[in-house]
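Peer 1: There's a structure below that I have some questions on.
The values are calculated or read from the model by the stated rules, or taken from the named source; none is laboratory data. Bear in mind the structure is a predicted one, so any value in this text is a computation, not a measurement. Cβ sites come from the backbone with ideal geometry, for glycine too, and all protein chains shown count toward neighbours. Calculation scope for accessible area: heavy atoms of the full protein, side chains included, ligands and nucleic acids excluded. Shrake-Rupley method; radii C 1.70, N 1.55, O 1.52, S 1.80 Å.
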Amino acid sequence: MKDNLLIFAFGFLVFPALSWAQSAPDFKELLDSAMVRDSNLKMQITQNKLTDLDEHKLKDIFLPTLEVSGKVGYVNGTARLTSPEINLAPFINIPEGSFNNNFNVSGFSGLAKADAKMLVYSGGKVKYLKKAVEEKKKSEDILLEKTRDEVIASISKAYDQLALIHQSKKVLDESTRRLDINKKTADKALGYGLITPYDHKKIELAQATLNAKVVEYEGKKELLLTQLYILTGINKERLRMIDPVLSPVELLAAEKGIEQRAEIRALEHGISAADYKIKAEKTWMIPKVQLMASAYYIGLYGNRIKSSENIIPAVPVLGYEGRKLDWSPNNINVFPLITAGVGFKWEIFDGKEGKHAEETAKVGKEVLQNQKEDALKKLTLNLANNQTNYDIASAQITLKAKEKELAKNALVQAEKEFRYGMSKSSQLIDAENDLEAAELEYQNAIFNQRRAGIELMRSTQELDITKFYLIP
């Protein structure tokens, strides 16, 4: 009993998971998987991280900085002193060069320093640069919408192509079924001498042609499954289970204009960013202020200070020969030596560097404005072209449906005439081919109309995929 309960529990948990794993993915799953795998989208998101880093860098610019440095080395230096003439007649008269001397210092020295700085006022440049980066970030986020729409269009096209291939297979299966029936009729007619062997061979040729088309279908299907696997990463076994159906799409008039296109909105934010960049460059003449503080340590170790000549003159009368300097002091150090205060930098004349940067920013804005003007013209033409393509594609569906109906009636009539020996097999095969072509053209017309609908909705950045597919 306990073992049975364990088996039941295992089956309850595992079988639903297995059934899901073997179920056909719906369009939403295909789309979600493609969004994660798309290389262009991932690359764009990665590039946008650089703008995020620029934004964080500007936010941190007012944080204090602390720098510690130091050095230790051997010191050996000589200072030469040449005494001038001192003439205070009649009291003192010391000729020039009487007290010439060389002083030598040798030993080891150490220096340590800590500098702290904090920007207090940037002249408004940082504020404007922050605004420029914010506008640039908005522009990049908007362009992600365009890339996502491209992914949707790519998956939609592959999905509808798979549906078109499936519909083509159904058309071929129906043609094969009818030809099998007509082959039996032809066999009987040949036996009764109602048709010639040549006419009978034409039926066999039509069957061979259909078999070749089935092989072509399998090749195209495999190629599409490979494409969907590359786009989504979903294994082919599940993709093979997809059985989509094409149906025409009815679109309402566009609610937005081309001004809502991602390219236009991105350029508008780019122009705003250029405005802030110009304002930032204009601050070159405004003084910048920062707080500063430093602490020093200076030390001398194992030093010797000596002179080449006497520093205490000789007194011959007393027998005193004078004395040179030869001093080896203990370690000497100065700590702490602290400075603190406010510093400012005012570039009164910078060789027109700031002015050139300002002019460069203005040219950058002008380039963006020209790009926007050009984009508006092209997108206006694109909208008109896509609207025309959609209208034509919708009209083609009506036309191809009528042609299919006529071809179907013509085949029914040709089958009757062939069955009663009133027509040759060539007429029957022609009618069969006409119906097959009409049905395939009808499916192609639906496919083309859906593609035109996708592009029309993208023309005004109103792509709503729920109008094309059932998405929970």
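Peer 1: All but one of (1) open to solvent by less than 20 Å² (accessible area, probe 1.4 Å); (2) modelled with pLDDT of 90 or more; (3) assigned to a helix (DSSP H, G or I) hold for residue 172, so report the exception by its number.
Peer 2: With (1) open to solvent by less than 20 Å² (accessible area, probe 1.4 Å); (2) modelled with pLDDT of 90 or more; (3) assigned to a helix (DSSP H, G or I) applied to residue 172, the lone miss is (2).
Peer 1: In the list 153, 186, 132, which residue meets the criterion of being more than 16 Å from residue 244 (Cα to Cα) and modelled with pLDDT under 85?
Peer 2: Only one candidate passes the filter, namely 186.
Peer 1: Moving to a separate point now. Which members of the stretch 32-72 meet the condition of being assigned to a loop (DSSP other than H, G, I, E, B) and in contact (Cβ under 8 Å) with a residue 24 or more places away in the chain?
Peer 2: Across the stretch 32-72, the qualifying residues are 38, 61, 62, 63, 64.
Peer 1: Continuing with this model, one more query. In the stretch 273-357, which strands (runs of 3 or more DSSP E) lie fully inside it and hold 3 or more residues that are more than 30 Å from residue 80 (Cα to Cα)?
Peer 2: 288-312, 332-345
Peer 1: How about the stretch 262-316: which of its residues are of a type in the set (Gly, Ala, Ser) and free of Cβ contacts under 8 Å to residues at least 12 places away in the same chain?
Peer 2: 314, the sole residue that qualifies.
Peer 1: Identify the residue in the stretch 327-359 that is open to solvent by 90 Å² or more (accessible area, probe 1.4 Å) and without any contact (Cβ under 8 Å) to a residue 24 or more places away in the chain and, among all such residues, is nearest to residue 263 (Cα to Cα).
Peer 2: Checking each candidate, the answer is 356.
Peer 1: Could you tell me which numbered condition residue 255 fails, if it satisfies all but one of (1) exposed (fewer than 14 other Cβ atoms within 10 Å of the Cβ); (2) touching a helix residue (DSSP H, G or I) at 6+ places or on another chain (Cβ under 7 Å); (3) not aliphatic (A, V, I, L, M)?
Peer 2: The single condition residue 255 does not satisfy is (2).
Peer 1: Moving to a separate point now. If we keep just the residues of the stretch 388-434 that are modelled with pLDDT of 90 or more and open to solvent by less than 30 Å² (accessible area, probe 1.4 Å), which is farthest from residue 168 (Cα to Cα)?
Peer 2: 390
Peer 1: If you check residue 179 against the conditions, is it of a type outside the set (Asp, Glu), assigned to a helix (DSSP H, G or I) and within 24 Å of residue 146 (Cα to Cα)?
Peer 2: no
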